[in-house]
Amino acid sequence: MNDFVRELQSYPGIATKMLAYKREIKATKVSLNNSKEVYFLHFAPQVKKHNEIVIYIHGGGWNSKSPKDFEFIGQRIAKEGYESIIMGYRKVPHVHFNQIIDDVCKEYKAVLKYLQGKNIDASRVIIMGSSAGAHLGSLLVYDKELHAKYKIGVRRFAGFIGLAGPYCFEGKLPWALNQLVSDLFDKGQDKKVGEPYSRIDLVKPGDVELTIPMYLIQSEHDGVIDMKQTLLFARKAMEMNFPVTFYRVTDSKNTHSYYSTAVFFDDLAKSKTLQTIFEYIGQMTKK
């Protein structure tokens, strides 16, 4: 069966899981400038086990969804004893890449300020994202021009975890991804300004960014993103001496939306992919 068709067929089952899950932690919502889209949710763990903050940037093809749609992920991360944040941003077609990455960077700074006001240690931050959120998260962690423009201190970053992320726009892209990427950028804009594959070129040997570990999770049966694009990004990062770990998901049920988001519904004891995610987070946790 075509993986893209299998991806479409997964939506009803994922929606059912979303409706059925139990909210155990009440989230705190913080909006930037009273925005309906640019806001974040904070999930405080019932039992805090780690000092690292996990900031999750949601997916949705840059054109849909909100932090509220992914509460279950914030809940799941907090259940493991981490302070968890889910960030939102404005969407295509009302805005495009420049405005979206501006939202992400400004909101990240607002999250740090919020945590400071709550006397929560945010000296070590793990950035995680799914799909479009993985794309935006990788730029937040590794794009030196963004760091300079928004005064983002990279020494806070304990690591980056990307699930099903589009990091490279080289060559012929799958139909669905090509359409989404075309809509993301302003007409005539060079896509390289928002392509993680190109932006890591700004990092030079000896830069502190090279010490930030990168964990990339990709399915052979994604249906939206071609494995080769992620492998190109991973290979280039490794050639630049980034600490890169690549996890290949092989189960055919793990199409794009399932392994990048719905996997957080799974039983940790039974899901190898979910185990891997939390193992990666654990490796970034300061001993």
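Please give the length that would be gained between GLN179 and ALA148 if that part of the chain were fully extended, namely 0.36 nm times their separation in residues minus their C-alpha to C-alpha distance (nm, one decimal).
Extra length available between GLN179 and ALA148 comes to 8.1 nm.
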For the stretch 1-102, how many pairs of lysine residues have a Cα-Cα distance under 17 Å, where the two are 8 or more positions apart or belong to different chains? 16
Going toward the positive end of the dipole of the chain, with +1 on Lys and Arg Cβ and -1 on Asp and Glu Cβ, which of VAL92, GLY137, VAL47 do you reach last? VAL47
From the residues PHE265, SER123, VAL193, which one has its Cα farthest along the dipole of the stretch 3-284 in the positive direction, the dipole being from +1 and -1 charges on Cβ of Lys/Arg and Asp/Glu about the Cα centre? SER123
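Given charges of +1 on the Cβ of Lys and Arg and -1 on the Cβ of Asp and Glu, with all other atoms neutral, how large is the dipole of the chain about its Cα centre, in debye to the nearest 20?
Values: 40 positive and 31 negative charges, 169 e Å.
Using only the charged Cβ atoms, the result is roughly 820 debye.
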GNM top mover of GLY129, GLY153, GLY188 - the chain, alpha-carbon springs below 10 Å: GLY188
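Full-extension gain between TYR21 and GLN9, please, as 0.36 nm times their residue separation minus the C-alpha to C-alpha distance.
On the way: separation 12, 0.36 × 12 = 4.32 nm, distance 2.02 nm.
My answer for the length gained is 2.3 nm.
Please find the FRET efficiency linking ASN63 to ARG248, where r is the Cβ-Cβ separation and R0 is fixed at 35 Å, and quote it to the nearest 0.05.
0.80
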Give me the Kirkwood hydrodynamic radius of the stretch 1-153, using the inverse of the mean 1/r over all pairs of distinct Cα atoms, in Å to one decimal. 16.2
How far apart, in nm, are two points set 7 Å out from the Cα along the Cα-to-Cβ line at ASN98 and at ASP201? 2.1
The stretch 268-287 residues near the modelled SER123 label - backbone nitrogen below 20 Å, point 7 Å along Cα→Cβ: 282-287
Residue of ASN241, ASN63, ASN34 that the Gaussian network model of the chain assigns the largest fluctuation, springs spanning Cα pairs under 10 Å: ASN34
Go ahead and set up a Gaussian network model of the chain, Cα springs under 10 Å, then flag whichever of GLN75, GLN46, GLN218 fluctuates most. GLN46
For the stretch 3-284, averaging the sequence separation of alpha carbon pairs under 8 Å that lie six or more residues apart and dividing by its residue count, the contact order in percent is 19
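Coordinate-derived values only; no laboratory data. This is a predicted model, so every value here is computed, not measured. Heads up, the Cβs are rebuilt from the backbone with ideal geometry, glycines too, and the neighbour counts pull from every protein chain shown.
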